[in-house]
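K.L.:
Sharing a structure with you now.
Just so it is clear, none of the values below were taken in a lab; they were calculated from the coordinates. Everything numeric here is computed off the predicted structure, so don't read it as measured data. As a convention, Cβ positions derive from the backbone with ideal geometry for all residues, glycine included, and neighbour counts pool all protein chains shown.
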Amino acid sequence: MDFLTVGELGRDGLAEVLATAARVKRDRDSVKGSRAGLRVGLFFEKPSTRTRVSCEVAATDLGAVPLVLKQDEVGLGKRESVADVARVLDRYLDVLAFRVFRHGDLDTIAAHATSPVVNLLSDREHPCQALADLQTLAEHRPLDGAVVAYVGDGNNVCASLMIGGAATGVTVRVATPPGFAPDPSVVAAARAMAAAGVDVVVTEDPAAAVRGADAVYTDVWASMGQEAEAAERRSRFAAYRVDEALFGLAAADAIFLHCLPAHRGEEVTDGVVDHPRSRVFDQAENRLHAFKALLLHLT
Ligand code: CP
Ligand code: NVA
């Protein structure tokens, strides 16, 4: 199976991967070497720190062989068609993990490969991130019945969080400026996956989203590839910064989450990223455990 969108695992698959991620975090040695010789391709069309390193270390810990490929050498869709790159890499590799600009390229790769294809971030979703997000939330409180407020851009990270959250019993309340709400297809996917009692909320009011929430989440206002819009977005998003006052509206024990990298002083203040209840570095660590669990599930 592939993992292009977090919904692809289904509710049971998600629960299983999250349970495995918690187990391998507790006992790293228990799965050491369990995928000896598995060849894992990790392709990047844009920059990465967490994804590249956590996936490479996860594969290595399992005894697998990670191969990192960059766009400047492969020329996906430029030097060679996306379909032909997929056909070729499929002959060498057992897992094809890709970070791309266009989600449609992942569909093309999956259509021309027999090995599992994994989305390492596209313009539509960041499903590996959502696994780590949910693992981190589950370390704070049971997922079922939890409320997460996502404040900012209705982007790839938001989409995977909405869908993955809905599937695991988490109500995700999204607050974005006008014109930056998640795509209606994402809202529909989240509603279709929603466990009993889950509400999928999209609003333009950050305070309404955050009030009483168990976690507050934000991401950059301009994603990779949107740098030209950064100045315009800074003014459109100014009222959506997660600062101490907004974070203070959440539950008294609420945690702060961010996929990182953070643009400190833009979408979030230093005081919130560095708050005693910020869990952003646990989240980054959990990328490692979550990817290991995903590889164990897919292969
Ligand atoms: N959160 C995340 O995907 O980080 P990188 O872009 O550094 O991989
Ligand atoms: N939304 C961000 C996430 C980075 C991990 C981006 O796509 O650049």
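K.L.:
Please state, rounded to one decimal and in Å, the Kirkwood hydrodynamic radius that segment 113-184 gives when every pair of distinct Cα atoms enters the mean of 1/r.
P.N.:
Roughly 12.8 Å, rounded to one decimal.
K.L.:
Moving on to the next point. Which residues among segment 68-107 fall inside the zone where the amide N is under 16 Å from a point 7 Å beyond the Cα of GLU8, along Cα→Cβ?
P.N.:
Inside the label zone: 83, 86-87, 90, 94-107.
K.L.:
While we're on this one: Inverting the mean 1/r over all pairs of different Cα atoms, compute the Kirkwood radius of the chain and quote it in Å.
P.N.:
For the chain, inverting the mean 1/r across all distinct Cα pairs yields 19.2 Å.
K.L.:
Under 26 Å Cα-Cα from LYS78, which lysines qualify once same-chain neighbours fewer than 8 residues away are excluded?
P.N.:
Correct list for LYS78: LYS46, LYS70.
K.L.:
Separate question: Over all directions, what mean area does the Cα convex hull of segment 1-63 project, stated in square nanometres?
P.N.:
It is 5.1 nm².
K.L.:
Moving on to the next point. Using label points projected 7 Å from each Cα along Cα→Cβ, tell me how many nm separate ASP84 and THR203, to one decimal.
P.N.:
It is 5.3 nm.
K.L.:
Taking amide hydrogens as modeled 1.01 Å from N in the peptide plane, which residues meet the under 5 Å criterion relative to VAL202, leaving out close sequence neighbours?
P.N.:
Here VAL174 satisfy the definition.
K.L.:
Pulled fully out, how much extra length does the chain show between ARG23 and PHE281, if you take 0.36 nm times their separation in residues and subtract their Cα-Cα distance?
P.N.:
Residue separation times 0.36 nm, minus the Cα-Cα distance, leaves 91.0 nm.
K.L.:
Taking springs between alpha-carbon atoms closer than 10 angstrom, which of ALA175, ALA251, ALA58 fluctuates most in the Gaussian network model of the chain?
P.N.:
ALA251
K.L.:
Now for a separate question. Just GLU227, GLU16, GLU267 to compare: in a GNM of the chain, with alpha carbon springs under 10 Å, which one fluctuates most?
P.N.:
Result for the chain, Cα springs under 10 Å: GLU227 fluctuates most.
K.L.:
What does the helix-only formula give at 222 nm for the chain: each DSSP H stretch with n ≥ 4 adding -39500 (n - 2.57), the total divided by the residues, and the result rounded to the nearest 500 deg cm²/dmol?
P.N.:
Working: 13 runs with 128 residues, N = 299.
Computed mean residue ellipticity for the chain: -12500 deg cm²/dmol.
K.L.:
Same structure again: Based on the Cβ-Cβ distance of VAL53 and ALA251, what FRET efficiency does E = 1/(1 + (r/R0)^6) give at R0 = 45 Å, to the nearest 0.05?
P.N.:
Numbers: r = 32 Å, r/R0 = 0.72.
Efficiency, rounded to the nearest 0.05: 0.90.
K.L.:
Starting from the Cα of ALA188, step 7 Å along the direction of its Cβ; do the same at ALA228; then give the gap between the two resulting points in nm.
P.N.:
The modelled label-to-label distance comes out at 3.0 nm.
K.L.:
OK, next. State whether segment 1-159 is rounded, prolate or oblate according to the following rule on the C-alpha gyration tensor (a ≥ b ≥ c being the square roots of its eigenvalues): a/c under 1.5 gives rounded; otherwise a/b larger than b/c gives prolate, and the remaining case gives oblate.
P.N.:
Oblate.
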